[in-house]
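As structure tokens, the structure follows; a few thoughts come after it.
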Amino acid sequence: MKFSRSKRHDDPIPRLSLIAFIDVVLFILLYFMMAGNLAAAESELASALQTAKGTSASRDLAPQVVQVDVVESRVVFMVGERVIGDREALTAVLKQLNKEAGVFVKVMGRAPVGAAAAAIQACRDAGFVKVSYVPAGGG
């Protein structure tokens, strides 16, 4: 009984289908494109804290700070010493401020997300281009 196969030199070499190979490569490419994140990382995004080159220190203005907090179970917005109770009044106050330096929206831990979004929208409605969100700890 003979179990080994004799090797003949005239046997054709098996070949893989090129179409199947291309399908697999395109499928893998599509998978990585959809699974990956093409957006820039947050650390690479432009910040409102950067200053333009060539500006003098005397022209630099401090950005405004809008603090969002809950006082006596009511959401309040504080700009400096002013305590404001609603978004429309906040927008009216922010329209009077200098918009060149930008604004920080500092949200305290007790404030709801909707109040933070309302403060950011009020800053945009008032004409601020540089709006920075600052989460503050505490609760």
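Since every read-out is calculated from the coordinates, none of them should be taken as a lab result. Nothing here was measured: the structure is a model prediction, and the numbers come from that model. Cβ: placed from backbone, ideal geometry, glycine included. Neighbour counts: every protein chain shown.
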| message | Pairs please, first residue from region 79-104 and touching a residue at least 40 places away in the same chain (Cβ under 8 Å), second anywhere and among the hydroxyl-bearing types (Ser, Thr, Tyr) and surrounded by 17 or more Cβ atoms within 10 Å (Cβ to Cβ), Cβ atoms under 6 Å, 6+ apart in sequence or on different chains. | response | Phe104/Ser132
| message | Just checking, does region 121-130 include any residue being in contact with a strand residue (DSSP E or B) (Cβ under 6 Å, 6 or more places away or on another chain) and among the aliphatic types (A, V, I, L, M)? | response | no
| Name the residues in region 93-107 that are closer than 15 Å to Pro135 by Cβ and of a type outside the set (A, V, I, L, M, F, W, C), would you? | Lys106
